[in-house]
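Here's the structure we're looking at; comments come further down.
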């Protein structure tokens with residue numbers, strides 16, 4: 001039976017770009033598919049003798065109608081996941097201004113910003129039900145490819161819950177695709193140490209400065225224990241992806257060091273973990 005991925009999300013957030021990446025990874029991709037045809041396509045690829053094992057369907061305009069389709073397909077035994085691509089409203093406005101394309105809800109709104117706001121409200125139930133949300137606001141095509149590669153390149157092998165541990169800076173805004181957000185600004189800031197300021201949480205000097213303190217060790221021990229108690233429950237509920245984000249002021253020192261350390265600990269327990277550092281180069 002084919003592994004099925006439904007790609008949905010905000011208009012302009014990168015659905016077609018994601019489809020192109022997945023096609024390169026060996027997925028059979030159908031772009032801009034009317035929701036009414038989802039059942040038909042899935043039935044065709046599920047027939048004996050089909051050589052399509054990974055099917056990615058990019059939803060057309062009727063995104064909200066996907067939810068009952070997904071529920072029905074899962075009830076009939078299909079493995080179906082939903083990917084929701086999101087981006088900040090500011091980023092979406094810039095993308096539409098650059099391409100000069102009309103928004104799908106342009107005729108129902110007084111302008112582009114209102115159209116984006118309307119779509120965001122309409123798609124909130126779909127976003128909430130998605131297995132994985134990717135925020136493309138700050139991603140270039142190569143970074144988007146890396147995220148999709150980590151999530152879906154081996155999607156058919158039945159591996160365990162995939163975990164993303166990321167860092168960010170609060171002064172650059174909260175990550176909109178995180179399931180958990182932790183504030184590590186309670187730890188001493190290496191920024192105020194002249195020799196550490198130009199370095200990052202990847203450098204041993206910064207890592208030692210952050211992690212060798214008692215409050216950092218205590219926090220990580222407690223948070224690791226919390227994660228190890230929660231992860232089996234998430235797996236039992238069928239969750240495929242979990243994104244944990246650690247934030248400090250600028251996203252270059254404390255959050256990076258803590259994120260890398262938690263990822264290291266979780267890998268020791270056998271979990272598939274990738275790391276990402278949104279604001280490291282700012």
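Summary table below
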| read-out | value |
| --- | --- |
| Qualifying positions in segment 78-116 - part of a strand (DSSP E or B) and surrounded by fewer than 19 Cβ atoms within 10 Å (Cβ to Cβ) | 79 |
| Residue list for segment 211-247, restricted to those being in contact (Cβ under 8 Å) with a residue 24 or more places away in the chain and within 30 Å of residue 78 (Cα to Cα) | 227, 228, 231, 234, 235, 239, 240, 241, 242, 243, 244 |
| Boolean, residue 253 is farther than 18 Å from residue 143 by Cα and touching a residue at least 12 places away in the same chain (Cβ under 8 Å) | yes |
| Selection status of residue 123, part of a helix (DSSP H, G or I), touching a helix residue (DSSP H, G or I) at 6+ places or on another chain (Cβ under 9 Å) and buried (at least 17 other Cβ atoms within 10 Å of the Cβ) | yes |
| Filter pass, residue 103 being modelled with pLDDT of 90 or more and closer than 20 Å to residue 35 by Cβ | yes |
| Near pairs, Cβ below 7 angstrom, 6+ apart or cross-chain, from segment 174-191 (closer than 30 Å to residue 9 by Cβ) to any residue that is assigned to a loop (DSSP other than H, G, I, E, B) | 175/278; 181/174 |
| Among (1) in a loop (DSSP other than H, G, I, E, B); (2) crowded, with 18+ Cβ neighbours inside 10 Å, the one test that residue 210 misses | (1) |
| Among (1) over 18 Å from the mean Cα position of the chain (by Cα); (2) outside any helix (DSSP H, G or I), the one test that residue 261 misses | (2) |
| Residues satisfying the stated conditions in segment 216-225, i.e. loosely packed, with under 12 Cβ neighbours inside 10 Å and farther than 16 Å from residue 268 by Cβ | 218, 222 |
| Helices (runs of 4 or more DSSP H) within segment 1-77 that include 2 or more residues surrounded by fewer than 17 Cβ atoms within 10 Å (Cβ to Cβ) and over 20 Å from the mean Cα position of the chain (by Cα) | 38-45, 66-75 |
| Looking only at segment 114-136, and only at residues there that are without any contact (Cβ under 8 Å) to a residue 12 or more places away in the chain and more than 13 Å from the chain's Cα centre (by Cα), the one that is farthest from residue 67 (Cα to Cα) | 114 |
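The values are calculated or read from the model by the stated rules, or taken from the named source; none is laboratory data. Note that the coordinates shown come from a computational prediction; the quantities given were computed from them, not determined experimentally. Because the Cβ atoms are built from the backbone with ideal geometry, glycine has one as well, and the counts that use them run over all protein chains shown.
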